[in-house]
Amino acid sequence: MARKIKFRLILKGKIVGYERITPDEDGHLHSSWSPDNSIGGWILSRPPRHDKEDFFTGLHDKHEKEIYEGDILEGEIAGKK
């Protein structure tokens, strides 16, 4: 399975939705968006107005929350904080 292409959409510092890019069976790319990143709530239309997009890294934290570029992470690396 290919990595998900997904963005967190931000307007004036607040999250206004999430956009994902998916291929169809012919390889054409389609954009859809969701106001809350839910499994079944994706809408095939233009995403809401936004001034910033954070790219999904493909990684999840220990609580299975998606990590996007620009997220601030805390934790230990090799026993150091």
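Quick notes on this one:
- As for the range 38-57, it holds no residue that is on the phi > 0 side of the Ramachandran plot, modelled with pLDDT under 90 and either under 11 Å from the mean Cα position of the chain (by Cα) or not aliphatic (A, V, I, L, M) (or both).
- Filter result for Ser38 (in contact with an Asp or Glu (Cβ under 8 Å, 6 or more places away or on another chain) and of a type in the set (Ser, Thr, Tyr)): no
- Annotation note: Cβ proximity below 9 Å between a residue of the range 48-64 that is more than 13 Å from Arg8 (Cβ to Cβ) and a residue that is outside any strand (DSSP E or B) (sequence gap 6+ or interchain) occurs for Gly58/Arg3; Gly58/Lys4; Asp61/Asp71; Asp61/Leu73; Asp61/Gly75; Lys62/Gly75.
- Output for the range 38-81, where each listed residue is of a type in the set (Gly, Ala, Ser) and either exposed (fewer than 10 other Cβ atoms within 10 Å of the Cβ) or touching a helix residue (DSSP H, G or I) at 6+ places or on another chain (Cβ under 8 Å) (or both): Ser38, Gly40, Ser45, Gly75, Ala78, Gly79
- Any hit, the range 6-17, residues being small (Gly, Ala, Ser) and out of contact with any strand residue (DSSP E or B) (no Cβ under 6 Å at 6 or more places or on another chain): yes
- Some residue of the range 15-37 being out of contact with any Pro (no Cβ under 9 Å at 6 or more places or on another chain), modelled with pLDDT under 85, open to solvent by 100 Å² or more (accessible area, probe 1.4 Å) and not small (Gly, Ala, Ser): no
The values are calculated or read from the model by the stated rules, or taken from the named source; none is laboratory data. None of the values given here were measured: they were computed from a predicted structure. So basically every Cβ, Gly included, is an ideal-geometry build from the backbone, and we count neighbours across all protein chains shown. Each accessible area value is taken on the protein alone, full model and side chains, heavy atoms only, with ligands, DNA and RNA left out. Shrake-Rupley method; radii C 1.70, N 1.55, O 1.52, S 1.80 Å.
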